[in-house]
Amino acid sequence: MPHDGPDHDHDHRDHTEPPSDVALRVKSLESLLIEKGLVDPATLDALVDRYEHHVGPQNGKKVVARAWTDPDYRQWLQDDANAAIGDFGFKGRQGEHMVCVENGPKAHNLVVCTLCSCYPWTVLGLPPVWYKSAPYRSRAVADPRGVLAEFGTVLDPDVEIRVWDSTSEMRYLVIPERPAGTEGWTAEQLERLVTRNSMIGVEKAKAPADLAKDAAE
Amino acid sequence: MNGAHDLGGMQGLGPINPEPETAEPVFHADWERKVFSLTLATALLGRWNIDMGRYSRERQHPVTYLSNTYYENWLAGTETLLKESGLVTAEELAAGKPLTPPTAPDTIRVPGPEQALNAVKAGGPADLDVPVEPRFAVGDAVRVRNFHPQGHTRAPRYTRGRVGVVQRLHGVHIYPDTHTPEVTEGHPLYSVRFEGDELWGPDGDARSAVYADLWEPYLEPA
């Protein structure tokens, strides 16, 4: 798997068989804590289940699609993102203080956490490996245009890039630009154009033509 | 602290190489699921907070921090906090089994699945409803102080000594630098915008800006 360090290209030790040293160390810690009565195994399973299956970018996609189709909702996101996102029931840990930033023709927003891995769990779930990686965290603030290019996102040179370094408990959600050629689409149709990466700001939302390409693959 | 976690502006760390979005699983190995859930579940015991959790990972040796995968850093931090809080001993961690009698059930409340899910669904807001008069207003130019604390801080090194403009006041938030189970200090939290060339000089992108959330004690008038 990609590695949170300088040599992640060749590191696959997380998949090694038989169990790697770290897997054994984790197993040992888990047994110790269960035997000491400090954790309930059912609690561990419930937490994993929630963040692996029930909270993820599917939540954020609903927020974005509604913002694209409902001007009042879009304004509500700007005025009180917590309440507007909470309207879907998306609330909780790592999403207590939400801010929505809108991409437009003159400004593009990008989210990072240089110090750690802060990310809006309530709308995007747990962050991808690259978001937590040293290369992304180091470069997003100093070379945002280069970082975007690495994701295949090339902006007009006079588009301002606003990088949001999540240094506090505020959590940032990017509202990407609504793609052209989607006039009259319903929110449900538009959700298919919203990607996780577009809500972090490293990519734009998909174009309608991309859906046809996806279907062909 | 000026640890390896404070990565903004560091160079030479290589390409990002993102996994394709549609192909990336939430967890890449079963032990990652365990580290994630053990870290959350033990945090719910209330012996430490999110700021202490972050500091436990940040104060590893820089070589270790940068060599570890993400969840290895979580594992190391959780082990450190369990030891420092006295919930387990180093000998028990090494042995993988209890060497002292289990903690009496009346001294610690271990959340069951429903309680734990309720806790993460409720979250832990960091804002405080206390009457503090903010020193700065939107539009004020501020300079991040030149300071280098040994403990946990949220003032990234790349902002220190740099001048930005206050964009927004987020209210009074818990001050991470001093936060313990016994101490909760609140200070105004500001969104401050720094121009790319102010942060990075001629090597920066003048058509970019960085917004950081900074607490009032980090800032001085510019």
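The values are calculated or read from the model by the stated rules, or taken from the named source; none is laboratory data. Bear in mind that the values here come from a model prediction, so they are computed numbers and not experimental data. For neighbour counting, all protein chains shown are included, and Cβ atoms are generated from backbone atoms with ideal geometry for every residue, glycine included.
On the basis of being assigned to a strand (DSSP E or B) and either assigned by TED's automatic domain parsing to the domain that holds B:Glu58 or more than 20 Å from B:Ile50 (Cα to Cα) (or both), does B:Tyr211 make the cut?
Yes; evaluated as a whole, the condition is true for this residue.
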Checklist entry - Looking at region A:146-158, which of its residues are crowded, with 16+ Cβ neighbours inside 10 Å, of a type outside the set (S, T, N, Q) and in a loop (DSSP other than H, G, I, E, B)? => result A:Phe151, A:Leu155
Next on the checklist: Quick check on region A:187-197. Is at least one of its residues surrounded by fewer than 15 Cβ atoms within 10 Å (Cβ to Cβ) and either farther than 30 Å from B:Tyr175 by Cα or over 19 Å from the mean Cα position of the chain (by Cα) (or both)?
Outcome noted: yes
Item to check | Output for region B:43-91, where each listed residue is closer than 16 Å to A:Val22 by Cβ and outside any helix (DSSP H, G or I) | outcome: B:Gln60, B:Asn68, B:Thr69
Item to check | Pair list, Cβ < 6 Å and 6+ apart or interchain, from region B:6-28 residues that are facing chain A (nearest Cβ under 7 Å) to residues that are aromatic (Phe, Trp, Tyr) and crowded, with 17+ Cβ neighbours inside 10 Å | outcome: B:Gly8/B:Tyr158; B:Gly9/B:Tyr158; B:Ile16/A:Trp130; B:Ile16/A:Tyr136; B:Pro18/A:Trp130
Checklist entry - Pick from region B:29-55 the residues that are at the interface with another protein chain (Cβ under 7 Å from one of its Cβ atoms) and more than 25 Å from A:Glu169 (Cα to Cα): which of them is surrounded by the most Cβ atoms within 10 Å (Cβ to Cβ)? => result B:Trp31
Checklist entry - Does B:Phe27 count as in a helix (DSSP H, G or I) and either hydroxyl-bearing (Ser, Thr, Tyr) or at pLDDT 95 or above (or both)? => result no
Checklist outcome for this item: Reported set for region A:23-41 where residues are within 7 Å of chain B (Cβ to nearest Cβ) and out of contact with any Asp or Glu (no Cβ under 9 Å at 6 or more places or on another chain) is A:Ser28, A:Glu30, A:Ser31, A:Leu33, A:Glu35, A:Gly37, A:Leu38, A:Asp40
Item to check | Residue check, A:Ala207 surrounded by fewer than 15 Cβ atoms within 10 Å (Cβ to Cβ) and touching a Pro at 6+ places or on another chain (Cβ under 7 Å) | outcome: yes
Next on the checklist: Tell me yes or no: at least one residue of region A:136-144 is among the aliphatic types (A, V, I, L, M) and farther than 27 Å from B:Arg162 by Cα.
Outcome noted: no
Checklist entry - Regarding A:Val141, is this residue at the interface with chain B (Cβ under 9 Å from one of its Cβ atoms), within 22 Å of B:Thr153 (Cα to Cα) and without any contact (Cβ under 8 Å) to a residue 60 or more places away in the chain? => result yes
Item to check | Positions within region B:136-156 being surrounded by fewer than 16 Cβ atoms within 10 Å (Cβ to Cβ) and touching a residue at least 24 places away in the same chain (Cβ under 8 Å), in sequence order | outcome: B:Ala137, B:Val138, B:Gly139, B:Ala141, B:Arg145, B:Phe147, B:His148, B:Pro149, B:Gln150, B:Gly151
Checklist entry - What residue, of A:Glu203, A:Glu183, is in the same structural domain as A:Thr122 (by TED's automatic domain parsing), farther than 21 Å from A:Val101 by Cβ and outside any strand (DSSP E or B)? => result A:Glu183
Checklist outcome for this item: From the option list B:Thr107, B:Thr69, B:Thr100, B:Thr80, single residue qualifying as of a type outside the set (Asp, Glu), surrounded by fewer than 21 Cβ atoms within 10 Å (Cβ to Cβ) and facing another protein chain (nearest Cβ under 10 Å) is B:Thr100
Checklist entry - Scanning region A:159-170 for residues that are closer than 29 Å to B:Gly186 by Cα and facing chain B (nearest Cβ under 7 Å), which turns out surrounded by the fewest Cβ atoms within 10 Å (Cβ to Cβ)? => result A:Arg162
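The rows are residues; the columns are (1) touching a His at 6+ places or on another chain (Cβ under 7 Å); (2) over 17 Å from A:Gly201 (Cβ atoms).
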| residue | (1), (2) |
| --- | --- |
| A:Pro71 | no, yes |
| A:Cys116 | yes, yes |
| A:Glu150 | no, no |
| A:Arg171 | yes, no |
Next on the checklist: Go through (1) at pLDDT 95 or above; (2) closer than 17 Å to A:Ala142 by Cα; (3) within 9 Å of chain A (Cβ to nearest Cβ); (4) surrounded by fewer than 21 Cβ atoms within 10 Å (Cβ to Cβ) for B:His170 and report which single condition fails.
Outcome noted: (2)
Item to check | Failed item in (1) more than 11 Å from chain B (Cβ to nearest Cβ); (2) farther than 23 Å from B:Gly171 by Cβ; (3) surrounded by 23 or more Cβ atoms within 10 Å (Cβ to Cβ); (4) of a type in the set (A, V, I, L, M, F, W, C), with A:Leu173 passing the rest | outcome: (2)
